[in-house]
Amino acid sequence: MPDRAGNQPVIDDEEVLAGIRKWVEIETPSPDGAAVNQLADLVQSDAMSLGAHVDRVPGRDGYGDILTVRSPWGGDGPGILILSHMDTVHAIGTLADANPYRRDGDRVYGPGIFDMKSGAYLAFYAFQHFVRAGLESPLPLTFLYVPEEEIGSPTSRQVIEDTARQNKYVLVTEPAHGGLCCTARKGVLHVDIKIHGRPAHAGSRHQDGRSALAELARHIVALEDLTDYERDITVNVGLASGGSFINVVPAEAEAKVCIRAPETSMLDELRDHVLSLQPLGPDVTLEIAAEINRPVFPRGPGTVQLFEHTKEICREIGFELEERHSGGGSDGNFTAALGIPTLDGLGADGHGHHTLDEYILFSSLAPRARMWVRLLETLT
Ligand SMILES: [Zn+2]
């Protein structure tokens, strides 16, 4: 992309990494709104110095603020939404201790560097590249930075969906596992189960008790058995608790279940099933709530077209972009479910998201920064 004077502005991967490092060194666990807002401050001031229009909505429920950054060009017409999250799953202190920022050969480590600070920064860098070159992308750009994606985006979902509806394309800066981008994701159903039994002395009146925990245990086994790898359905009872004291028959128990499936009809079927669960033992009651946490991200025709276009760009740059279907959800699920062409997994290549070994590959930064510039330059 030559600038107005015909010069080719340089993509400098050391500069890209220096920018990523700044974002990584502000630790941003999702539940810590104040911490996430420190990163929002940095993104906001960097964006404003590039002449962008910034809109900041105060956080709710203890989460950080939602930041919308618009290119100074292109007006309000439908354009490209670039979707990023500022939060990570890592607690404050991870940087000082379990996964400090460091380079080891081609690998660069740090909490949240792969998921997804490098991806978010790569897209930001591409925007900066346009501004420096004095050029404009054909479509207006809207960057949305949300504070709590790792929790399931409870406070930002509406903003994501509203903003996506105003755009032609959505590009999501989630990590590129194994270099692959993502053209489909499973839907996620969250289920809360509460069981009410009857307390009794565990010794003298055991027969009067109705154990909520024993009831829950039977449901846990039955629920986990709904896992069907052939249909790509997984059921995970991730949390369970109950009881009050060792010698009391437990009156209360509860569990949280995460169900994932590749098709909406499967999720609906599973939701109907769990909502119709009945007590297995006498004198206990069940209280069940189920909600689709993330709708299915289907591999729609618009997304396929967007992928083919991006693949062509990557080929010109010199690497092969392949696609994958992911079991993990992202904010891309919300936008793809609305039927808006959405391409996800456009961040850096690396490994180990949500772990303390998380890293990116430095060698992936330059080609992917080029990919971003070309994408913003060619989407019309
Ligand atoms: Zn992520």
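Nearest 0.05, what FRET efficiency do residue 232 and residue 315 give at R0 = 45 Å with Cβ-Cβ as r?
Numbers: r = 30 Å, r/R0 = 0.66.
It comes to 0.90.
Work out, step by step, the length gained on full extension between residue 351 and residue 102: first 0.36 nm times the residue separation, then minus their alpha carbon distance; give nm to one decimal. Write down the numbers at each step before the final one.
Numbers: separation 249, 0.36 × 249 = 89.64 nm, distance 1.48 nm.
That works out to 88.2 nm of additional length.
From the phi of every residue in the stretch 201-217, what ³J(HN,Hα) in whole Hz does the Karplus formula 6.51 cos²θ - 1.76 cosθ + 1.60 yield, where θ is phi - 60° and glycine or proline is x?
In residue order, the calculated couplings are 5, 6, x, 6, 10, 3, 5, 7, x, 10, 6, 5, 5, 5, 4, 4, 4 Hz.
Based on other C-beta atoms within 10 Å, arrange 41, 331, 13 from fewest to most.
41, 13, 331
Given DSSP loops and a limit of at most 11 other Cβ atoms within 10 Å, what is the longest stretch of the chain that contains no such GluC sites (Glu not before Pro)? Walk me through the numbers before you get to the answer.
Numbers: sites that count: 230, 320.
Free of exposed loop sites, the longest segment is 1-229.
Calculate, in nm to one decimal, what residue 278 and residue 225 gain on full extension: separation in residues at 0.36 nm each, minus their alpha carbon distance. Before the final figure, lay out the partial values.
On the way: separation 53, 0.36 × 53 = 19.08 nm, distance 1.64 nm.
That works out to 17.4 nm of additional length.
Restricting to bridges with both residues inside the chain, how much of the DSSP beta-bridge set is antiparallel, in percent to the nearest 5?
Close to 70 percent.
Quick check: from the Cα gyration tensor, does the stretch 1-149 come out rounded (a/c under 1.5), prolate or oblate?
Working: a/c = 2.66, a/b = 1.31, b/c = 2.03.
Because a/c hits 1.5 or more and a/b fails to exceed b/c, the stretch 1-149 counts as oblate.
How many angstrom separate the Cα center of the stretch 242-299 from the Cα center of the stretch 323-343?
A separation of 25 Å, based on Cα centres.
Provide the gained length on full extension for the span residue 247 to residue 49, in nm with one decimal, where the gain is 0.36 nm per separating residue minus the Cα-Cα distance. Can you show the working numbers first?
Working: separation 198, 0.36 × 198 = 71.28 nm, distance 6.42 nm.
Computed gain between residue 247 and residue 49 is 64.9 nm.
Of 292, 255, 201, which is farthest on the positive side of the dipole of the stretch 187-294, counting Cα position, with +1 on Lys and Arg Cβ, -1 on Asp and Glu Cβ, and the Cα centre as origin?
201
Starting from the 7 Å offset along Cα-to-Cβ, what nm value, one decimal, do you get for the label separation of residue 363 and residue 204?
Rounded to a tenth, the inter-label distance reads 7.4 nm.
Between residue 136 and residue 12, what is the label-point separation in nm under the 7 Å Cα-to-beta-carbon projection?
A separation of 2.8 nm, rounded to one decimal place.
With θ set to phi - 60° and the Karplus curve 6.51 cos²θ - 1.76 cosθ + 1.60, what are the ³J(HN,Hα) couplings of the stretch 136-147 in order, to the nearest whole Hz, using x for Gly and Pro?
10, 6, x, 10, x, 10, 10, 9, 10, 10, 9, x
We did not get these values from a lab; they are worked out from the coordinates using the rules stated. Since the model is a prediction, treat every value here as computed from it, not as a measurement. Backbone-built Cβ (ideal geometry, glycine too); neighbour counts: all protein chains shown.
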